[in-house]
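Chemist: Take a look at this one; I'll ask things after.
Any read-out appearing in this document is the output of simple, stated calculations on the displayed coordinates, not a laboratory observation. Everything quoted here is computed from the prediction, not taken from an experiment. Cβ atoms come from the backbone with ideal geometry, glycine included; neighbour counts cover every protein chain shown.
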Amino acid sequence: MASVHESLYFNPMMTNGVVHANVFGIKDWVTPYKIAVLVLLNEMSRTGEGAVSLMERRRLNQLLLPLLQGPDITLSKLYKLIEESCPQLANSVQIRIKLMAEGELKDMEQFFDDLSDSFSGTEPEVHKTSVVGLFLRHMILAYSKLSFSQVFKLYTALQQYFQNGEKKTVEDADMELTSRDEGERKMEKEELDVSVREEEVSCSGPLSQKQAEFFLSQQASLLKNDETKALTPASLQKELNNLLKFNPDFAEAHYLSYLNNLRVQDVFSSTHSLLHYFDRLILTGAESKSNGEEGYGRSLRYAALNLAALHCRFGHYLSLVNRQSSPCRRQLGLPRSPTITCVSSTVCWLYVLGQKRSDSYVLLEHSVKKAVHFGLPRAFAGKTANKLMDALKDSDLLHWKHSLSELIDISIAQKTAIWRLYGRSTMALQQAQMLLSMNSLEAVNAGVQQNNTESFAVALCHLAELHAEQGCFAAASEVLKHLKERFPPNSQHAQLWMLCDQKIQFDRAMNDGKYHLADSLVTGITALNSIEGVYRKAVVLQAQNQMSEAHKLLQKLLVHCQKLKNTEMVISVLLSVAELYWRSSSPTIALPMLLQALALSKEYRLQYLASETVLNLAFAQLILGIPEQALSLLHMAIEPILADGAILDKGRAMFLVAKCQVASAASYDQPKKAEALEAAIENLNEAKNYFAKVDCKERIRDVVYFQARLYHTLGKTQERNRCAMLFRQLHQELPSHGVPLINHL
């Protein structure tokens, strides 16, 4: 599939020793490999039904299509494939090829003359219109067009092809007999691998049109669905360069080169290949023929969209705005299904850009208004969950109607993220499971049994985080392990699970009080997501009581996120700043921050963040000495947290309820006070169980300290001593945070 040299001498597209620019002018030409395949087909037709079992016949039939459509392979490899399917037939093929190669030129001539007999008779062995029949007819026609000198060159190449195959077979036999020592055997195999590659290069010629189309479609499918089974980036680029050497105007090869360069983050080469793809697509007229007068317009629309997506992938957001604006505004007026696909994709990318640059929202609003013309849904900030899901349902109807399977997958992944944003973990889990269990609408080729798209990576990452939030770290590790196998570190979607893995490790280190370990993970998080990394750094500084440094970092991050309109992170930063204030004994200053966070949560319908904010407000009221109002607020926020919250948040909520109960019981009479303290102890036990699930020893220490005080008040000495002993063990193991326990939520 790489070098062509010898085989070009009998290539029908060669004139006076020069190959025409378009080597795909005919469907096929004869090569030594294809002669070997013809021998296989001839032997299959001559072998009676009783000589080959039904299972062997079935395996041979499954082998034929890859042999007919795939690139040329070495003779030894062909023997091995046939032997795996039917050993008896492999021996017959080997004998026939040997007789032809070691005989005379007339033997090859007679072989091609006899091939025509396959179509003769009232019940021919091969139907002319079948896959095998078409292949035979193409080979017979291509052979008949060869001149005598080209026939002689072909026969010489067949002899060389046979000799290389025999040499390889002997080397394999010698290796099995003499390779006893493991180190020597490994060395010989490595040397053998090199020779095999050299043989494949020397025996392969330029791909025919069918072979090239099969190769490109196979590799494109693998890159999309299972990148681990595709050729390595270097190997694939080598094959593509060789393919383009003989046909520079092969547009699909340029596009596959673009996808391949994206895998290695090569911005120059990927841009170069993408531009060449659309240039060739328009020059060949393929789009105008298949799509009428609007063909060029469609190509230009997708050219702009792909180039914009490329710039966004590499962080060139200004280029994305400039390239998206004018073409999309001009092209949004064509009411066709491809246009619907383009508009849907454009709006999605503009939304992604909106997270990066605030000035792109004007273009996004313009595009959304245009999208209404095609019946595409709109989603405005602050829409309720039911209205937003209804809008997505309308979009899904269009996707299903036009069989846009990738957009269906993206839509389900979006729903997973939206439900998590709204704080409904059960619904998010359901959507993620639906995407993972749903069969793609597109046929998966080349033995690929999975869909390794970005949507699936996102869904799996959500699953890992959801399991980790519930304390199921073993299950989360299994999901991450599957992600690492499915998306290797050098694949284009690997950054998704890398960030997910780093975040889970960070949370576990923080829960365990290992702040030095959490701090070491911040660098990796920042490399993958700068905003998330800065926020996590501030959290570590806060835990280490470096309040002034944490405050400076959070203030800078708050301004940056407000500029980007990253509402979710703005709310999280406001809650962290409020916690800094009350840990510094300034709860009154924290209240405006909490009220601002609550207003944003309500405005954008972020129910779970709203519950978190109410939880913090209740804690602030507890510090200010109004526990009754704090307890009243808790009843508003605790239900969503217990229903869909993370295990750690459930524990914090129950711990706060116990604190409010104890503080409120100070004014009760003795019997009622004892009853309130007993209830608080029960809530503390529940909180301790939650903290134990996530191995949060620091908070367990706070709980048992509080329990020991309550048992002492109730006069339960044995229970008090048990909690005191557990507190002492944890206190010796963990560093003290240096602030009163009552000021820690």
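Chemist: 7 Å from Cα along Cα→Cβ at both residue 602 and residue 584: what's the point-to-point distance in nm?
Modeler: 2.8 nm
Chemist: Pop a pseudo-label 7 angstrom from the Cα along the beta-carbon direction at both residue 401 and residue 417 and give the gap in nm to one decimal.
Modeler: Spacing of the two 7 Å Cα→Cβ label points: 2.5 nm.
Chemist: Explain nothing, just compute: Karplus ³J(HN,Hα) = 6.51 cos²θ - 1.76 cosθ + 1.60, θ = phi - 60°, for every residue of the range 29-40 in order, whole Hz, x for Gly and Pro.
Modeler: Taking θ as phi minus 60°, the curve returns 9, 7, 10, x, 4, 5, 5, 5, 5, 4, 5, 4 Hz for the range 29-40.
Chemist: What order, most packed first, do the peptides 100-113, 559-572 have when packing is the mean number of other Cβ atoms within 10 Å of each residue?
Modeler: With the highest mean Cβ count within 10 Å placed first, the list reads 559-572, 100-113.
Chemist: At a Förster radius of 30 Å, what calculated FRET efficiency corresponds to the Cβ-Cβ distance of residue 474 and residue 733, to the nearest 0.05?
Modeler: In this case the efficiency is close to 0.80.
Chemist: While we're here: Ordered by packing density, taken as the mean number of other Cβ atoms within 10 Å over each peptide's residues, highest first, how do 255-266, 606-617 rank?
Modeler: Order by mean packing, descending: 606-617, 255-266.
Chemist: Which whole-angstrom value gives the distance between the alpha carbon centres of the range 84-155 and the range 648-710?
Modeler: Taking the Cα centre of each part, the range 84-155 and the range 648-710 sit 86 Å apart.
Chemist: So what J values fall out for the range 52-67 if you push phi through Karplus, 6.51 cos²θ - 1.76 cosθ + 1.60 with θ = phi - 60°, rounded to Hz, Gly and Pro as x?
Modeler: Karplus-based 3J(HN,Hα) across the range 52-67 equals 10, 5, 4, 5, 5, 4, 5, 5, 5, 5, 5, 6, 4, 4, x, 5 Hz.
Chemist: Name the residues whose placed amide hydrogens come within less than 5 Å of the amide hydrogen of residue 424, ignoring near sequence neighbours (fewer than 5 apart) on the same chain.
Modeler: Here the answer is none, since no amide H 5 or more places off falls under 5 Å of that of residue 424.
Chemist: OK, next. Figure the gain on full extension for residue 393 and residue 516 (residue separation times 0.36 nm, minus the Cα-Cα span) and round it to one decimal in nm.
Modeler: Taking residue 393 through residue 516 to full extension adds about 39.6 nm, to one decimal.
Chemist: Once the other residues with Cβ under 13 Å from the Cβ of residue 722 are scored (Lys, Arg +1; Asp, Glu -1), what is the net sum?
Modeler: Overall, the nearby charge balance is +3.
Chemist: Still on this structure, I have one more. Any idea which of 626, 654, 710 is furthest toward the positive side of the dipole for the range 584-732, if Lys and Arg beta-carbons carry +1 and Asp and Glu beta-carbons -1?
Modeler: It is 710.
Chemist: What are the ³J(HN,Hα) couplings of the range 408-422, residue after residue, when phi is run through the Karplus curve with 6.51, -1.76, 1.60 and θ = phi - 60°? Round to Hz, x for glycine and proline.
Modeler: Once θ is set to phi - 60°, the couplings for the range 408-422 become 5, 4, 4, 4, 5, 5, 5, 4, 4, 5, 5, 5, 5, 5, 6 Hz.
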